[in-house]
Structure formats: structure tokens, C-alpha cells
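What follows is a single structure, written as C-alpha cells, with notes after it.
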Amino acid sequence: MSTPTITFIGAGNMARSIIGGLLESGHPAAALRAADPFPDSLEQLRALGPVPTFADNADAVRDADVVILAVKPQIMAEALPSIASQVAENNALVISIAAGITIDSMRARLGERTAIVRAMPNTPALLGCGATGLYATEQVGETQRGYAEAILGAVGIVEWLDSESALDAVTALSGSGPAYFFLFMEAMIDAGVELGLARDTATAMAQQTALGAARMAIEGDVDLVELRRRVTSPGGTTQAAVESFEADHLRDTIARAMGAAAGRAVAMSRELG
């Protein structure tokens, strides 16, 4: 696969994370571009490497093979017309990481034949361990799919989806998911303090336990049910805790919360048009 020229419209945290991942994976800085109206954002980006930066979107996409839309959803309607003619001239792949902006909405401003991939990354991408769902329109060719997979794969794992609506489920699971784990850890720490631990001790133990459990789930050779069974001795402390969770319908609580997140994602798409 040839090295594509990639332009980022927006140079915020997620854009800088992806650019950093691409640089670490060997993508040359000269084949990257970034446009942002805020000089501070561009200055932070230049600290990663000699990536060409622009204040004007149209100038930034002039020779781009891939254009990544990394702007806030609220200003997407303003950003798209500024690049539409150049995207069409280059036959560029457009990758959007903006939540709630549908393909139909982007096509209305970029043209029906535009090759578009919608991506839903999550904040652990900032550390190179993100999880991203991808959905491609029929105009996206195999080479372009490879570009999208390599770009988002530079900051974590990627999973291709069969429908655009599946992005709402990804938003509820992995997009919002880090906050669920943070909340659970907060609750564990507070409970540890109530049981008599110092807060710094409870915090360190909860954080390391979360890290260890995640590594066991990812690196182990058995599924989550078996991992849980191995920790849960009959009649022991873990069984008492798990039975308490089940009695309080923890699974139903999680399902309702994720349903609320997915529903909000659908509503946001409608609001943003």
C-alpha cells in the first residue's frame, strides 16, 4: 500500500493522538497535514514532529488522499463546504470522527459520490489503546478501507460494522464506555474508604485491579465467564459480592444505561441534521 497524504481538519486532542500514532508507526510527517483556526492547537501539534500546518482548510486538503474530519459536530456544517471542491477533485477518502454527523448529512455538503468512512473512536486512543468502530459507504474502495484501518489502527483496535446504525451501539459501548469504568472505580474506591482504607491506598488498589483484570481479559486464553469462575470460590468472598450484584440486577442497570446512551446518539444525529 502506498503512503497516502492525510489531512486533518481540526487539530484537537483526538487529531493529535492519531497523528502521534501515525508518526510512531512510521508514517512520514511530510505526508501529514493539519488545519485549525487556533494557533495554540497547531503549536501543540508541531511539538510532535514537523507536520505542515494551515489556518485555511482548503489549502490543507489541496493534495490530500485522505481527509479526516476532527472538528466538533456543531461546526461541521461550516467546515464541509470549505473542502468540498478539493475533496471531489482529489477523489479523496473522507473519514469523520465527529459524533452524530450522519453520512447523508455529509453527502449533502460534499457530494453523493464522496467516499466516506464514519469512525467512532474513544478517549483511550489518547494512550494508543483505543477502540474504534468503522462504517464505510459503498464508494469506499479496498485501498481506501486499508487506509482507514491503518490510520485508526495506529491508536488501538478497529472493528468494521455492517450498518451505520451500529455506530450508535458502538457509541454506547466503547465510546461512552470509559466513563462507566471510571464510575465503577470511583464507587469501589469510596466503598474501600468506608471499609477502613486510606483513600490513596484504595485508589491505588482499585486502579491496579482494573488494569490487571483488563489485561487478563485481553491476554488470557479463556472467556470472561471462565475468568470470573476462577476468581469466584464457592462460598467465598467473591461469590458473596457477585450474588449481591445479581440480586441488585446489575446487568439490567448496565443495559438500561447503554440503551440511554444509544438513544441519545440517535437523538443527537437528528438534532445535528
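With the cut-off at 1.5 for a/c, could you classify the chain from its C-alpha gyration tensor as rounded, prolate or oblate?
In terms of gyration-tensor shape, prolate.
What is the gain in length, in nm to one decimal, between Glu246 and Asp40 on full extension, counting 0.36 nm per residue of separation less the C-alpha to C-alpha distance?
Extra length from Glu246 to Asp40 when fully extended: 69.2 nm.
Could you work out how far apart the two model spin labels at Ala257 and Thr209 are, taking each label as a point 7 Å from the Cα in the direction of the beta carbon, and quote it in nm?
1.6
So what is the 222 nm mean residue ellipticity for the chain from helices alone, if each DSSP H run of at least 4 adds -39500 (n - 2.57) and you divide by all residues, rounding to the nearest 500 deg cm²/dmol?
-16500 deg cm²/dmol
Would you please give the residues with an amide H less than 5 Å from that of Ile68, counting only those at least 5 places away or on a separate chain, with H modeled from the backbone geometry?
Thr7, Phe8, Ile9, Ile95
Of Leu23, Ala217, Val158, which is farthest towards the positive pole of the chain's charge dipole, taken about the Cα centre with +1 and -1 on the beta-carbons of Lys, Arg and Asp, Glu respectively?
Leu23
Once you have all Cα-Cα distances for segment 31-131, histogram them in 5 Å bins from zero and send the whole-percent values.
Distribution as computed: 2, 12, 21, 25, 21, 13, 5, 0 percent.
Taking the Cα centroid of segment 77-116 and of segment 1-25, what is the distance between the two, rounded to the nearest whole Å?
18
Ordered by residue, what ³J(HN,Hα) values in Hz, to whole numbers, does segment 228-237 give under the Karplus form 6.51 cos²θ - 1.76 cosθ + 1.60, where θ = phi - 60° and Gly and Pro are x?
Karplus-based 3J(HN,Hα) across segment 228-237 equals 5, 4, 5, 7, 9, 6, x, x, x, 5 Hz.
Work out from phi, with θ = phi - 60° and the Karplus expression 6.51 cos²θ - 1.76 cosθ + 1.60, the ³J(HN,Hα) of each residue of segment 50-58, listed in order in whole Hz, and give x for Gly and Pro.
Ordered by residue, 3J(HN,Hα) equals x, 7, x, 10, 9, 8, 10, 4, 4 Hz.
Measuring from label point to label point, each 7 Å out along Cα→Cβ, what is the Asp162 to Ala217 span in nm?
My value for the distance between the label points is 2.4 nm.
Taking the alpha carbon gyration tensor of segment 177-269, what are the square roots of 5 times its eigenvalues, largest first, to the nearest whole Å?
That gives 25, 19, 16 Å for the three semi-axes.
Of all DSSP beta bridges located in the chain, what percent are antiparallel, nearest 5?
Roughly 15 percent of the beta bridges in the chain run antiparallel, per DSSP.
Based on the mean of other beta carbon atoms within 10 Å per residue, what is the order of 95-106, 131-142, most packed first?
Peptide ranking by packing, descending: 95-106, 131-142.
Can you run the Rg to Rh ratio on segment 72-174? Use alpha carbon positions and the Kirkwood inverse-distance Rh.
Rg/Rh: 0.95.
Compute the acute angle (0 to 90°) between the alpha-carbon long axis of helix 142-153 and the principal axis of greatest extent of the alpha-carbon atoms of the chain; round to the nearest 10°.
Taking Cα atoms only, the helix is inclined about 50 degrees.
How big is D, in µm² s⁻¹, for segment 137-179 by Stokes-Einstein at 37 °C and 0.692 mPa s if Rh is the Kirkwood radius over C-alpha pairs?
Reported coefficient: 281 µm²/s.
Values quoted throughout were computed directly from the atomic coordinates according to the rules given, and no laboratory measurement underlies them. Bear in mind the structure is a predicted one, so any value in this text is a computation, not a measurement. Quick reminder, even Gly has a Cβ in these numbers, built from the backbone with ideal geometry, and neighbours come from all protein chains shown.
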